[in-house]
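> Please find one structure pasted underneath; my questions will follow.
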Amino acid sequence: MNDVLIIGTVALDTIETPFGKVEKVLGGSATYASFAASFFAKPALVSVIGRDFPKDCMELMKSRGIDVEGVKIDDKTFHWEGFYEYDMNEAKTRKTELNALEHFKPEVPEKYKGIKYVFLANIDPEHQLSVLRQMNNPEFVVLDTMNFWIDNKKEELIEAIKNADVLLLNDGEARQLFSTANLVKASNEALGLGPKAVIIKKGEHGALLFTKNKHFSAPGYPLENIKDPTGCGDSFGGAFIGYLAKTKDLNEQNFRRAIVYGSVVASHNAEDFGLNRLKNLAMSDIEKRYREFQDIREF
Ligand code: AMP
């Protein structure tokens with residue numbers, strides 16, 4: 001039985017970083033999120049791909065136990081082209097070709113509708129809302145987004161945020177969405193819309209958790225070998241919700257553990273291009289780095 005529903009993009013990405021370039025490799029917010037979640041839970045995917053989508057990519061997803069019954073096939077696969085300069089915290093977009101995403105109408109298969117943990121990964125907020133409306137009473141909804149949707153569909157995005165329990169954003173997006181330079185102010189604005197918690201991802205510098213009364217800061221892992229940060233935010237979100245779905249405990253303390261697991265998987269993801277690192281990652285690697293995180297935080 002699947003225990004996390006993920007909607008987001010399945011993409012072919014062209015990525016350039018100071019350490020190399022790859023063309024049309026497997027990517028997308030839902031892909032990274034479901035790979036990361038699959039270390040802890042059984043993800044089910046709602047998305048769309050094109051007829052050009054390579055068979056081996058689909059096989060790779062299935063090999064991680066990801067249920068792809070909710071992935072439609074239509075037209076051409078979504079293509080994102082981006083690059084990073086030496087500050088790898090900020091992805092710069094060269095091209096966004098929505099392709100099949102443009103006319104996509106997400107349909108949640110009947111057997112997924114009772115899933116209690118839902119991750120609305122980065123995709124058109126109208127699709128995020130449509131999926132939420134099709135679900136039967138989800139217990140816990142996490143929403144992620146990016147500047148493209150803040151620029152193009154802000155109203156729909158605000159509506160989707162009102163329906164989420166946790167809002168995930170990176171620091172630049174939080175400043176942009178709430179028109180303030182101050183992250184505490186941005187978080188308070190976000191909490192005012194409805195979510196019980198806001199998590200602000202700060203790239204290599206870790207993540208901040210804001211709730212009404214509390215604040216937690218998870219450190220970044222001091223990675224020596226960063227090749228490609230694409231998908232770190234999505235892997236963070238996937239591991240975060242996957243761990244919560246596995247432990248079925250939504251207490252503040254367990255949230256903190258889930259944030260550290262999210263940071264661990266995201267830090268591994270940056271070690272190689274595309275999904276190359278996640279596809280070879282073992283649970284023992286995750287547990288080892290989790291213990292190192294505990295050590296970093298002790299004082
Ligand atoms: P991140 O975790 O923020 O690095 O997300 C990277 C992934 O987001 C890439 O694999 C892209 O395919 C995907 N992506 C890029 N632009 C968009 C967009 N506008 N909507 C949804 N996904 C996107």
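> Which far-off residues, 5 or more places away or on another chain, put their amide H under 5 Å from the one on PHE19, with H placed in the peptide plane?
The list, which skips near neighbours in sequence, is empty: none.
> What lysines sit close enough to LYS95 to cross-link, taking a C-alpha to C-alpha distance under 17 Å and skipping anything fewer than 8 places away on the same chain?
LYS21, LYS24, LYS76
> Projecting each Cα onto the charge dipole of the chain (Lys/Arg +1, Asp/Glu -1 at the beta carbon, about the Cα centre), which of MET58, LEU281, VAL260 comes out farthest on the positive side?
VAL260
> Apply the membrane-span-like helix rule to the chain: whole DSSP H runs, Cα extent along the own long axis of at least 18 Å, mean Kyte-Doolittle hydropathy at least 0.0. List the helices found.
On the way: long enough: 232-247 (22 Å, 0.51); 252-269 (26 Å, -0.33); 283-297 (21 Å, -1.55).
For the chain, where a helix must reach 18 Å along its axis and average at least 0.0, the hits are 232-247.
> I would also like to ask the following. Multiply the residue separation of ASP249 and ASP285 by 0.36 nm, subtract the distance between their alpha-carbon atoms, and state the gained length in nm to one decimal. Spell out each step's value before the answer.
Values: separation 36, 0.36 × 36 = 12.96 nm, distance 2.35 nm.
In short, 10.6 nm is gained.
> For LEU223 and ARG256, calculate 0.36 nm times their separation in residues minus their Cα-Cα distance, and state this gained length in nm to one decimal. Display every interim value, and only then the final one.
Working: separation 33, 0.36 × 33 = 11.88 nm, distance 2.07 nm.
Extra length from LEU223 to ARG256 when fully extended: 9.8 nm.
> Here's another thing I want to ask about it. If you wrap a convex hull around the C-alpha atoms of the chain and split its volume per residue, what is the figure in Å³?
122
> Hey, another quick one. What aspartates and glutamates does LYS116 reach when the alpha-carbon gap must be under 13 Å and sequence neighbours fewer than 8 apart in one chain are set aside?
Leaving aside aspartates and glutamates fewer than 8 places away in the same chain, those within reach of LYS116 are ASP3, GLU139, ASP165, ASP249.
> Additional query: In straight Cα distance, which lysines are under 25 Å from LYS288, not counting same-chain residues fewer than 8 positions off?
The reachable lysines, counting only those whose Cα sits under 25 Å from LYS288, are LYS42, LYS201, LYS202, LYS227, LYS246, LYS248, LYS279.
> Would you kindly derive the ³J(HN,Hα) couplings of the stretch 173-182 from the backbone phi angles with the Karplus curve 6.51 cos²θ - 1.76 cosθ + 1.60 (θ = phi - 60°), listing them in order in whole Hz, with x for Gly and Pro?
Going residue by residue, I get 5, 5, 5, 5, 5, 9, 6, 8, 7, 9 Hz, with x marking Gly and Pro.
> Rounded to the nearest Å, what's the spacing between the alpha carbon centres of the stretch 124-163 and the stretch 272-299? Just the number, please.
Their Cα centres are 29 Å away from one another.
> Averaging sequence separations of C-alpha pairs under 8 Å and six or more residues apart, then dividing by the length of the stretch 12-52, give the relative contact order as a whole percent. Can you show the working numbers first?
Details: 27 pairs, mean separation 10.9, N = 41.
Contact order relative to length: 27 percent.
> Looking at VAL142, LEU132, ASN170, which one has the Cα that reaches farthest to the positive end of the dipole of the stretch 130-174 (charges on Cβ: Lys, Arg +1; Asp, Glu -1)?
LEU132
> A further question follows. Cα centroid distance between the stretch 218-247 and the stretch 1-63, in Å?
Centre-to-centre distance over Cα atoms comes out at 15 Å.
> Then there's this: In debye, nearest 20, what is the charge dipole magnitude of the stretch 57-156 about its Cα centre with +1 on Lys and Arg Cβ and -1 on Asp and Glu Cβ, if you could check? Intermediate results must be reported in sequence, preceding the final value.
Details: 14 positive and 20 negative charges, 61 e Å.
Dipole size: approximately 300 debye.
> For q values of 0.18, 0.21, 0.23, 0.29 Å⁻¹, compute log₁₀ I(q)/I(0) with the Debye formula on a Cα-only model of the stretch 184-237, without solvent.
-0.65, -0.81, -0.91, -1.17
> Taking each pair of different alpha-carbon atoms in the stretch 161-299 once, compute 1/r for the pair, average those values, and report the inverse of that mean as the Kirkwood hydrodynamic radius in Å to one decimal. Intermediate values should be presented prior to the final figure.
Values: mean 1/r = 0.0651 Å⁻¹.
Computed over Cα pairs of the stretch 161-299, the Kirkwood hydrodynamic radius comes out at 15.4 Å.
> Under 5 Å between amide H atoms, partner at least 5 residues away or on a different chain: which partners does ARG277 have, H built in plane at 1.01 Å?
ASP272
> Please report, for the Cα atoms of the stretch 52-103, the Rg to one decimal and the Dmax as a whole number; what are they, in angstrom?
14.4, 39
> For the chain, what is the accessible area per residue in Å², given a 1.4 Å probe and the full set of protein chains?
Working: 13070 Å² over 299 residues.
Computed with neighbouring chains in place, this is 44 Å² per residue.
> Shifting gears a bit: Leaving out ligands, DNA and RNA, what percent of the accessible area of the chain is carbon and sulfur, probe 1.4 Å?
Numbers: 6030 of 13070 Å².
It is 46 percent, rounded to a whole number.
> Check which residues have an amide H placed less than 5 Å from ILE49's amide H, if you skip close sequence neighbours.
Excluding prolines and chain starts, which carry no amide H, the hits are LYS72, ILE73, ASP74.
The values are calculated or read from the model by the stated rules, or taken from the named source; none is laboratory data. From a predicted model like this one, the values you see are computed outputs, not experimental measurements. Glycine gets a Cβ as well: all are built from the backbone with ideal geometry, and neighbour counts include every protein chain shown. These area figures cover heavy atoms from the full protein model, side chains too; ligands, DNA and RNA do not enter into them. Shrake-Rupley method; radii C 1.70, N 1.55, O 1.52, S 1.80 Å.
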